[in-house]
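In what follows, a single structure is set out as structure tokens and then discussed.
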Amino acid sequence: MTTDLAEFAADNDVKYFMISFTDLFGGQRAKLVPAQAIADMQADGAGFAGFATWLDMTPAHPDMLAMPDPSSVIQLPWKPEVAWVAANCVMEGEDVAQAPRNVLRKLVDEAAAEGLRVKTGIEAEYFLLTPDGSQISDEYDTAEKPCYDQQAVMRRYDVVREICDYMLELGWGPYQNDHEDANGQFEMNWEFDDALKTADKHSFFKFMTKSVAEKHGFRATFMPKPIEGLTGNGCHAHISVWDIDGKTNVFAMEPDNSSQTAELGLSEQGRQFLGGIMKHASALAAITNPTVNSYKRINAPRTISGATWAPNTVTWTGNNRTHMVRVPGPGRFELRLPDGAANPYLLQAVIIAAGLSGIRSKADPGKRYDIDMYAEGHKVRGAPKLPLNMLDALRAYDNDKGLKDAMGAEFSKSYVKMKMQEWHSYVSHFSQWEKDNTLDV
């Protein structure tokens, strides 16, 4: 039964709704709508000028309408008179093909048509910085190996507790919080869910974390590599696929010796889905690692803690965190490539697109490597290296016709076009490094 947002407002003392959509660059856009007007907005949508956001449109385009999805509504725990609701973008009666939530919805439907239901969980790492973003907020957080630092996590207890309390209140099933591997870095985990629900929660989590941090006088950032020399912000995705009822994990099997994946309890469908991820990995990076800064994490030198915790080669393994894909146990695997800049909707979409491609083509994930890639990665022969920069990733994506078609031709054209504009803006920027190193050439 569809939630009536006007009734939701009356029942929960909501005075305003944030009708929110996410643009191609991951920017969250919203209009604040009084509860008295929400019935009309639920029927007709809230109007936006697409060109004013990071969408491939011009000022001549007609109004884009954000149609709220009432199943996604969340009352802001820290400001309960306001409710957030994710929206689907429509123009002249048709879904906007380039809009990220629409891209994901289309792929969820494709999977469902094949009797599959993709479920995911994400690990969204973030830093707490000073308000100007120049340094970490805790001057005493200086340990060489700060991961799980008991004192440091308690110095930021008020922020972490508040966010976790809200997730408990929302019924997300949060189950652990920790100080991560970089000074000033944190991670909070909650239960996995259907891909679209995970994307909505991921989107809201970023909004909530930034809001709570600001309330406490800090700045939360999901930027892939905000502090030089420290571990970057990953956004690892845990992936399983279920039957359409969501009751049977079709990736799971009793381990046997029939293949390197079966040894780990990953079924033939799971093997093929993983094969799709491996096959499209270099192109995948354009979506999972979407900024110039992303490649400062993937291709980082050794960090202060001793490891980057980020892959740079297309390899998979068992329970070993030095590879791009880890199979920690039966029925699921972890993609360790994505970073904190990943668009919550496009991240889920590209996982499904690559995985379905793998199942349809019966893709082989290739050899399993169980070595420490940080110490012995030079011994691997034939495995592709991940892109060195955003340009290489965009070129890999643009050359991967299968993945582009799976994500949608209109989306792919707009995404590559706008991301190339971003790259050109970056390379036209004159940096201090250039003066420091070439002024006297």
*Would you mind getting the accessible area per residue of the chain, heavy atoms of the protein chains only, 1.4 Å probe, in Å²?*
44 Å²
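Can you give the charge dipole size of the stretch 285-352 about its Cα centre, rounded to the nearest 20 debye, using +1 on the beta carbon of Lys and Arg and -1 on the beta carbon of Asp and Glu?
Working: 7 positive and 2 negative charges, 34 e Å.
It comes to approximately 160 debye.
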*Rg and Dmax of the stretch 202-333, Cα atoms only, in Å*: 17.5, 55
_On the principal axes of its Cα set, how long, how wide and how thick is the chain? Give whole Å, largest value first._
65, 53, 47
*Extension gain residue 256-residue 410, at 0.36 nm per residue separation less the Cα-Cα distance, in nm?*
51.1 nm
*Name the residues of the stretch 396-413 whose amide N is less than 11 Å from a point 7 angstrom out from the Cα of residue 424 along the C-beta direction?*
none
*Are there trypsin sites (Lys or Arg not before Pro) in the stretch 361-440 that DSSP puts in a loop and that have at most 16 other Cβ atoms within 10 Å, and which ones?*
362, 367, 381
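If we count every other residue with Cβ under 14 angstrom of residue 441's Cβ, Lys/Arg +1 and Asp/Glu -1, where does the sum land? Don't skip to the end; give the middle numbers.
Working: positive: 435; negative: 434, 436, 440.
Taking every other residue near residue 441 into account, the sum is -2.
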*Hey, any idea what % of the stretch 289-382's accessible area is carbon plus sulfur with a 1.4 Å probe?*
50 percent
*So what's the projected area for the stretch 153-238, the Cα convex hull averaged over all directions, in nm²?*
5.6 nm²
*How many nm separate the modelled label positions at residue 144 and residue 82, each set 7 Å beyond the Cα in the direction of the Cβ?*
4.5 nm
*Would you calculate the separation in nanometres between label points at residue 92 and residue 176, each defined as 7 Å from the Cα along the Cα-to-beta-carbon direction?*
5.2 nm
_Net lengthening on full extension, residue 433/residue 375 (0.36 nm per residue, minus Cα-Cα)_ = 17.9 nm
_Can you find, among 91, 111, 80, the residue sitting farthest towards the positive end of the charge dipole of the stretch 70-117, where Lys and Arg contribute +1 and Asp and Glu -1 at Cβ?_
80
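Ignoring ligands, DNA and RNA, what percent of the accessible area of the stretch 111-255 is carbon or sulfur (1.4 Å)? Working shown, then result.
Values: 2970 of 6260 Å².
Answer for the stretch 111-255 is 47 percent, counting heavy atoms of protein chains only.
With a Förster radius of 60 Å, plug the Cβ-Cβ distance of residue 362 and residue 440 into 1/(1 + (r/R0)^6) and report the FRET value to the nearest 0.05.
0.55
What dipole magnitude, in Debye to the nearest 20, does the chain give about its Cα centre under +1 on Lys/Arg Cβ and -1 on Asp/Glu Cβ?
1220 debye
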*Those aspartates and glutamates that a straight Cα-Cα span of less than 19 Å connects to residue 385, excepting residues fewer than 8 apart in one chain*: 334, 339, 364, 370, 372, 376, 398, 400
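Which pairs break 21 Å Cα to Cα here: 197/225; 279/367; 106/413; 31/225? Write down the numbers at each step before the final one.
Numbers: 197/225 27 Å; 279/367 12 Å; 106/413 17 Å; 31/225 31 Å.
From the list (197/225; 279/367; 106/413; 31/225), the Cα-Cα distance tops 21 Å for 197/225; 31/225.
Per 0.36 nm of contour for each residue apart, how much would the distance between residue 113 and residue 61 grow if the chain were fully extended, relative to their Cα-Cα spacing?
Working: separation 52, 0.36 × 52 = 18.72 nm, distance 3.30 nm.
15.4 nm is the gain from fully extending residue 113 to residue 61.
The values are calculated or read from the model by the stated rules, or taken from the named source; none is laboratory data. Just so it is clear, the model here is predicted, and its values are computed rather than measured. Every residue, glycine as well, gets a Cβ built from its backbone with ideal geometry; the counts of neighbours run over all protein chains shown. Accessible surface areas use protein heavy atoms only, side chains included; no ligands, DNA or RNA. Shrake-Rupley method; radii C 1.70, N 1.55, O 1.52, S 1.80 Å.
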